[in-house]
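Heads up: the structure comes next, in structure tokens.
The values are calculated or read from the model by the stated rules, or taken from the named source; none is laboratory data. On a predicted model such as this, the values are computed, not experimentally measured, just so you know. Here the Cβ positions follow ideal geometry from the backbone for every residue, glycine too, while neighbour counts run over all protein chains shown. Surface areas here come from the heavy atoms of the whole protein model, side chains and all, with no ligands, DNA or RNA. Shrake-Rupley method; radii C 1.70, N 1.55, O 1.52, S 1.80 Å.
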Amino acid sequence: VQLQASGGGLVQPGGSLRLSCAASGRIFSISSRGWYRQAPGNQREFVARIDSDGSTYYVDSVKGRFTISRDNAKNTVYLQMSSLKPEDTARYYCKASAWDSRFYWGQGTLVTVSS
């Protein structure tokens, strides 16, 4: 499975961005898709996940501001981010988890929230 993330950039506090993660390869093996982020000096942390049945999960700090969704026809998962804060600044990585417990990472896309 190959993952290609895009959509990062510079945005002012309170602004919005939409990240995309396109998957290719053994798509049928994927059980869930998710987003993680890593700020400078910090460990990579979970942000959001969407499972094969459509269930979604979020870290508390983004609940009500971020929305994860998917377009199965395009094999793409999105992360709509609104009301962005400076503390959301990080490199965002998409992840795909397979039914056999293997997982795959995309290359990351940088989100900078600053005035």
Q. Got a number for carbon plus sulfur as a percent of the chain's accessible area, 1.4 Å probe?
A. 47
(Q) For G108, what residues show an amide H to amide H distance below 5 Å, using hydrogens built from the backbone and excluding near sequence neighbours? (A) A5, C94
Q: Output ³J(HN,Hα) for the stretch 105-111: one whole-Hz value per residue in order, computed from phi by the Karplus curve 6.51 cos²θ - 1.76 cosθ + 1.60 with θ = phi - 60°, and x for Gly and Pro.
A: 10, x, 7, x, 9, 8, 10
Q.
Suppose a student asked you for the relative contact order of the chain, using Cα pairs under 8 Å spaced at least 6 residues apart; what percent would you report?
A. 38
Q: Determine ³J(HN,Hα), in whole Hz, for all residues of the stretch 67-74 in sequence, where each value follows from phi through the Karplus function 6.51 cos²θ - 1.76 cosθ + 1.60 and θ = phi - 60°; x replaces Gly and Pro.
A: 9, 9, 8, 9, 10, 5, 5, 9
Q) Over the chain, one equal point on each Cα, no solvent: what is log10 I(q)/I(0) by the Debye formula at q = 0.11, 0.17, 0.23 Å⁻¹? A) -0.32, -0.75, -1.33
Q.
Taking the Cα centre as origin and putting +1 on Lys and Arg beta-carbons and -1 on Asp and Glu beta-carbons, what dipole magnitude results for the chain, to the nearest 20 debye?
A. 160
Q: Would you mind getting the accessible area per residue of the chain, heavy atoms of the protein chains only, 1.4 Å probe, in Å²?
A: 53
(Q) Name the residue from A23, I68, V11 whose Cα lies farthest towards the positive end of the charge dipole of the chain, charges +1 on Cβ of Lys and Arg and -1 on Cβ of Asp and Glu. (A) A23
Q | Prolate/oblate/rounded call for the stretch 33-97, Cα gyration tensor, a/c under 1.5 rounded | A | prolate
